[in-house]
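Each value in this text was obtained by applying a stated rule to the coordinates, not by laboratory testing. Since this is a predicted model, take the numbers as computed values, not measurements. FYI the Cβ positions are ideal-geometry reconstructions off the backbone, even for glycines, and counts take in every protein chain you see.
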Amino acid sequence: MSSVTIYSAVMVDDGAPLSLHEMACFCEQHSDWVVTLVREGLVCVERNVVVTETSPEEWLFASAAAARARQIARVQRDFDVNLDAAALMVDLMNEVRELRAQLEVYQK
């Protein structure tokens, strides 16, 4: 018996930002989780949206925010840590990645 695996993809770019609900689905989390990320300053909404003056349903998220939120969700799930620890781990992984890229340029 053969099995079939179905994959789905979501195209995210700065020209087509995600809504709160789309961001939650993209990260496989609840909308409250995304609201917490924004309120804690771990993920930013689009520049032209003022968080304190708009309801979460009006927020829009750029591709960079979506990628960061998804990384945080994955780290939180994989390592069973709280949001702050997951965000710190993501920051450190990104910093290591940037330093390695700089090192490669320097070694050439």
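Go through the range 75-85 residue by residue and turn each phi into a ³J(HN,Hα) via Karplus (6.51, -1.76, 1.60, θ = phi - 60°); whole Hz please, and just put x for glycine and proline.
5, 4, 5, 5, 10, 6, 10, 6, 4, 4, 5
How long is the gain from residue 25 to residue 95 if the chain were fully straight, where each residue apart is worth 0.36 nm and the alpha carbon distance is subtracted?
Here the segment from residue 25 to residue 95 would lengthen by 22.5 nm.
For the chain, what's the relative contact order in percent, using C-alpha pairs closer than 8 Å and at least 6 residues apart?
With pairs under 8 Å counted, the relative contact order is 25 percent.
For the chain, set up a GNM with springs between Cα atoms under 10 Å and report which of 82, 48, 94 has the largest fluctuation.
48
For residue 40, what is the net charge nearby, where nearby means another residue's Cβ is under 15 Å from its Cβ and Lys, Arg count +1, Asp, Glu -1?
Net local charge, residue 40 excluded: -1.
Which one is right for this structure if Rg/Rh (Cα atoms, Kirkwood Rh) is calculated from it: (i) 1.06; (ii) 1.60; (iii) 1.28?
Computed from the coordinates, Rg/Rh (Cα atoms, Kirkwood Rh) corresponds to (i).
Return, for the Cα atoms of the range 55-108, the radius of gyration and Dmax in Å, separated by a comma.
Expressed in Å, the Cα Rg and Dmax of the range 55-108 come to 14.5, 50.
Excluding the sites themselves, what is the longest stretch of the chain that contains no GluC sites (Glu not before Pro) in a DSSP loop with at most 16 other C-beta atoms within 10 Å?
My reading of the result: 47-108 is the longest stretch.
List the relative contact order of the range 31-78 as a percent without decimals, with contacts defined as Cα pairs under 8 Å and 6+ residues apart.
Worked out over the range 31-78, it gives 34 percent.
Tell me which trypsin sites (Lys or Arg not before Pro) from the range 18-70 have a DSSP coil assignment and no more than 13 other beta carbons within 10 Å of their own.
Those satisfying the criteria are 47.
Before rounding to the nearest 500, sum -39500 (n - 2.57) across all DSSP H runs of length at least 4 in the chain and divide by the residue total; then give [θ] at 222 nm in deg cm²/dmol.
Taking each H run of at least 4 residues, the total per residue is -18000 deg cm²/dmol.
Can you sort 80, 91 so the residue with the fewest Cβ neighbours within 10 Å comes first?
Lowest count first: 80, 91.
Give me a comma-separated list of calculated 3J(HN,Hα) values for the range 24-29, in order, Karplus coefficients 6.51, -1.76, 1.60 applied at θ = phi - 60°, integers in Hz, x for any Gly or Pro.
4, 5, 4, 8, 6, 9
Where does each of 72, 6 land when they are ranked from fewest to most other beta-carbon atoms within 10 angstrom?
Fewest to most other Cβ atoms nearby, the residues stand as 6, 72.
Per residue of the range 95-108, what does 6.51 cos²θ - 1.76 cosθ + 1.60 with θ = phi - 60° give for ³J(HN,Hα)? Whole Hz please, x for Gly and Pro, Karplus curve as stated.
Couplings: 5, 4, 4, 5, 5, 5, 5, 5, 5, 4, 5, 5, 6, 7 Hz.
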